[in-house]
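Read the structure below first, then the notes.
Every number here is computed from the coordinates shown, using simple stated rules; none is lab data. For clarity, every value in this text was computed on a predicted model and none was experimentally measured.
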Amino acid sequence: MSDNFYGTGRRKSSVARVTITEGNGKFTFNGKDLEQYFPSPSMKMTIEKPFKVVSLEGKFDMVVNVNGSGLSAQSDAVALGISRALIKMDPELRPKLKKAGLLTRDARKVERKKYGLKKARRAEQFTKR
């Protein structure tokens with residue numbers, strides 16, 4: 001069971017390609033460790049949540065290639081990628097991850113700007129006189 005398991009997560013315009021192998025809990029993000037890449041405690045919690053839900057924290061090493069969007073969206077994309085990789089490793093984990101809401105792809109993206117408007121929906125202010 002020392003194979004690599006892959007998962008891809010997306011959120012807004014960020015894409016996270018996650019590789020999970022058995023190990024001692026070392027996380028690498030674009031060549032940096034967890035504390036360097038994601039300084040916020042809430043983002044660390046988001047990333048570690050899939051492992052906590054299935055009670056496997058500290059048992060896997062993870063290498064992540066993530067790009068696009070901001071750090072918050074990247075952390076959500078990584079969590080989805082981890083969840084998908086864990087399911088490839090053991091399909092029995094799917095119900096726990098599904099119940100925790102970790103398999104849902106957040107499809108919200110920035111709406112494009114339309115011609116004739118100032119922003120996506122903001123029109124020029126109307127003047128009566």
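Which whole-Hz ³J(HN,Hα) couplings does the range 46-61 yield from phi under the Karplus relation 6.51 cos²θ - 1.76 cosθ + 1.60, θ = phi - 60°, glycine and proline marked x?
So the Karplus estimates, Gly and Pro as x, are 4, 5, 7, 4, x, 5, 5, 4, 9, 6, 10, 5, x, 10, 9, 8 Hz.
Using Cα springs under 10 Å in a Gaussian network model of the chain, which residue among A107, A79, A16 shows the largest mean-square fluctuation?
Between A107, A79, A16, it is A107 that shows the largest mean-square fluctuation.
Considering the chain as a Gaussian network with a 10 Å cut-off on Cα pairs, which listed residue, T21, T104, T46, attains the greatest mean-square fluctuation?
Fluctuation is largest for T104.
Using a cut-off of 30 Å between alpha-carbon atoms, which lysines can reach K59, once sequence neighbours fewer than 8 places away in the same chain are excluded?
Partners found: K12, K26, K32, K44, K49, K88, K96, K98, K99.
Normalized C-alpha radius of gyration of the range 68-117, against 2.2 N^0.38 Å?
It is 1.56.
Normalise the Cα radius of gyration of the chain by 2.2 N^0.38 Å (N = residues in it) and let me know the number. Please report the intermediate quantities before stating the final value.
Values: Rg = 18.4 Å, N = 129, 2.2 N^0.38 = 13.9 Å.
In units of the globular-protein estimate, the chain measures up at 1.32.
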